[in-house]
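Before any comments, here is the structure.
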Amino acid sequence: MARPSSGRPAPSARSARALAEALALVLPADCAGCGAWDVAVCPTCRELVSLTPVRSDWDAPMLCLPGDAGPLLPVWSLADYAGPVRGLVVAWKRTGRADVARVLLERAARGARVWAHDPDLVLNGADAVVVVPAPSGLRRRLRGALVAGDLADAVAAGIAASGAVAPGRAVRSADLLRRHGGRRHQSGLGLRARARNRGDAVRVLAGPGPGDVVVLVDDVLTTGSTLASCARALVAAGTRVVGALVLAATPPPGRTPPPAR
């Protein structure tokens, strides 16, 4: 995915990443999900990040906005953001574990190959399918930790390999969205505060072509305010947004996550 030069990691960030990867080759690791010894992600935790071919009650619900008469766009989730899956995502986002990232991106690409055939995801169009990541904050961009961007690359690769898009139509990822300045990070905010914080806090750098269709990608779905803001901005720019895929979604209260498949 082509990204502006401002999104590239600084030399110190690249050095730190290279050092972490070198150490991972000689030091034993534990599973970021359950703590199993000497494996980055154990087989059981790996299988928790999956998407079944048929929509079920484990899929993320359609995203609704307060005051809207109906859903804005359908959202699919690969996993519940709870238990071992939460540990995996946190290890990727906050500690930058490259071994965990490789597994999660592989699972995202695998899930996207399934997702592309879902009858509720309408990818028909004259031109390209464009996978657009939710915007990363400035600090994350300066560190080169573009988690949603890497996820969008993996999802685009999965859709392209699925066979669900007609030959001749391109599938690509594009980093088109930016946050408006002055917004706080969502972490630690309550439901209403998250909605106020995101609001219309997204701007479009350059819209896809008139015949393109867009799918959104983000790492974690909580209230849906970030994806809602992304979709509103893209629709206002004249873009057709057909759905969103997230790595994990906060489960409704009282729901027990499914067993590993």
> Among the residues of the range 222-231, which ones are open to solvent by 20 Å² or more (accessible area, probe 1.4 Å) and in contact (Cβ under 8 Å) with a residue 60 or more places away in the chain?
Replying inline: Thr222, Thr226
>> Go through (1) open to solvent by 30 Å² or more (accessible area, probe 1.4 Å); (2) closer than 20 Å to Val242 by Cα; (3) of a type outside the set (Ser, Thr, Tyr); (4) at pLDDT 90 or above for Asp150 and report which single condition fails.
In response: (2)
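Which one of Val75, Val131, Val100 is buried (at least 21 other Cβ atoms within 10 Å of the Cβ) and at pLDDT 95 or above? Before the answer, list the steps.
Values: Val75 fails: at pLDDT 95 or above; Val100 fails: at pLDDT 95 or above.
Result: Val131 is the single residue among Val75, Val131, Val100 that is buried (at least 21 other Cβ atoms within 10 Å of the Cβ) and at pLDDT 95 or above.
Given Arg17, Arg55, which one is modelled with pLDDT under 55 and of a type in the set (D, E, K, R)?
Arg55
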> What number goes with the only condition from (1) buried (at least 17 other Cβ atoms within 10 Å of the Cβ); (2) assigned to a loop (DSSP other than H, G, I, E, B) that His117 does not pass?
Replying inline: (1)
> Scanning for something modelled with pLDDT of 90 or more and more than 18 Å from the chain's Cα centre (by Cα), does the range 169-191 turn up at least one residue?
Replying inline: yes
> Just one of Ala109, Ala157 is open to solvent by 30 Å² or more (accessible area, probe 1.4 Å) and modelled with pLDDT of 95 or more; which is it?
Replying inline: Ala157
> What pairs can you find where one residue is in the range 197-215 and at positive phi, the other is open to solvent by less than 30 Å² (accessible area, probe 1.4 Å) and modelled with pLDDT of 85 or more, and their Cβ atoms are less than 7 Å apart, with a gap of 6+ or different chains?
Replying inline: Gly199/Ser229
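The values are calculated or read from the model by the stated rules, or taken from the named source; none is laboratory data. The structure displayed is predicted, hence computed values, not measured ones. Cβ: placed from backbone, ideal geometry, glycine included. Neighbour counts: every protein chain shown. When the accessible area is computed, the model is the full protein with side chains, heavy atoms only, and any ligands, DNA or RNA have been set aside. Shrake-Rupley method; radii C 1.70, N 1.55, O 1.52, S 1.80 Å.
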